[in-house]
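Here is the structure we will look at.
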Amino acid sequence: MVVPGRGQSVWLVLLSSAAMAFLAVFALALSVTAAQLARDWSAALAQTATVRLSAPPDEMDAQTALVLDVLRTTPGIAEARVMVPAEQASLLEAWLGPDVPVDALPLPRLIEVTETAEGPDRQGLRLRLAAEAPGAVFDDHTRWRRPLAEAAARLRAFALVSLGLIGGVTAAIIVLAASAALASNGQVIRVLRLVGARDRFIALAFVRRISGRAFAGACAGTGLGALALLAIPQAGGSVHVLAGLGFSGAGWLLLLAIPPLAMVLAWVASMATALKVLRGVT
């Protein structure tokens, strides 16, 4: 081998590539999970709405019947049904605990509405409800959808920025490792030049070894990251970001791109550094 195979630069490239690949796995998983969360949240709230009805107890049933009649005769409404007390209790469980005395609380009556793909004329529907049942409020979940979608988008942007930072740090470490390797092998470089080797040949000798180390380290880091993702417990009933962090199905194939990208990044960074350093070696 033209380039000695031992030295501090060997461990620097291996360990840094493994660590950066490990972090890249989680950043990539966070990006994919955030995108999936945005789709799931939008799908869960799209084409659904709720009518909240407040009325005196002796008028509640009559007002409910009027609201249901309005909803079922409105184009764009596929289904409308009154939520039972047990369903309302489950909605309040997160805030008030599992033993909510729903019957003893002055809660409004909730009507779950399922819209068609076209959806209703929401403004016209609100006017009809106001005329038939002034205590009825139509909520199309817009105020819930928008913050959730924005949160998921920002989370994904944060993950992508993290991937960029990981790539930048990796490139910086590779530059330092290449500079150290070339500086510590100045005598070897002079001998190679004496026998007629050109700078590009010498640079390629260093670049191939550094890129190979980066690829090997990235493979190890990616494998460890995948195992760490598999070790994260999945949520049972409640869904939150960390519980769903990871990939599903063919999404795991995205991890296969990390080691080759690390090798390409190492190749570009080390080649640029090697040619620059060699120009200064006499």
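Might you check whether a residue that is surrounded by 18 or more Cβ atoms within 10 Å (Cβ to Cβ) and within 30 Å of Ala38 (Cα to Cα) occurs anywhere in segment 91-103?
So the first thing to find is which residues in segment 91-103 are surrounded by 18 or more Cβ atoms within 10 Å (Cβ to Cβ), and the list is 100.
Now narrow it down to the ones that are within 30 Å of Ala38 (Cα to Cα): none.
The answer is no; no qualifying residue exists.
Looking at (1) closer than 18 Å to Ser270 by Cα; (2) basic (Lys, Arg); (3) at pLDDT 85 or above, can you tell me which one Arg52 breaks?
Only one criterion in (1) closer than 18 Å to Ser270 by Cα; (2) basic (Lys, Arg); (3) at pLDDT 85 or above is unmet by Arg52, namely (1).
Mind listing just one residue for me: the one in segment 249-282 that is in contact with a helix residue (DSSP H, G or I) (Cβ under 8 Å, 6 or more places away or on another chain) and not aliphatic (A, V, I, L, M) and, of those, modelled with the lowest pLDDT?
Arg279
Quick check on this structure: which one of Ala34, Ala27, Ala65 is in the same structural domain as Gln123 (by TED's automatic domain parsing) and among the small types (Gly, Ala, Ser)? Let's see the steps before the verdict.
On the way: Ala34 fails: in the same structural domain as Gln123 (by TED's automatic domain parsing); Ala27 fails: in the same structural domain as Gln123 (by TED's automatic domain parsing).
Selected residue: Ala65, the only one of Ala34, Ala27, Ala65 that is in the same structural domain as Gln123 (by TED's automatic domain parsing) and among the small types (Gly, Ala, Ser).
Counting just the residues of segment 127-154 that are modelled with pLDDT of 80 or more and surrounded by 16 or more Cβ atoms within 10 Å (Cβ to Cβ), which one comes out nearest to Ala55 (Cα to Cα)?
This residue is Gly135.
Taking the condition of being more than 15 Å from Pro134 (Cα to Cα) and more than 34 Å from the chain's Cα centre (by Cα), how many residues in segment 58-85 meet it?
Looking only at that region, the number is 10.
The values are calculated or read from the model by the stated rules, or taken from the named source; none is laboratory data. Because the structure is a prediction, the values reported are computed rather than measured. Note that we place each Cβ from the backbone using ideal geometry, even for glycine, and neighbour counts take in every protein chain shown.
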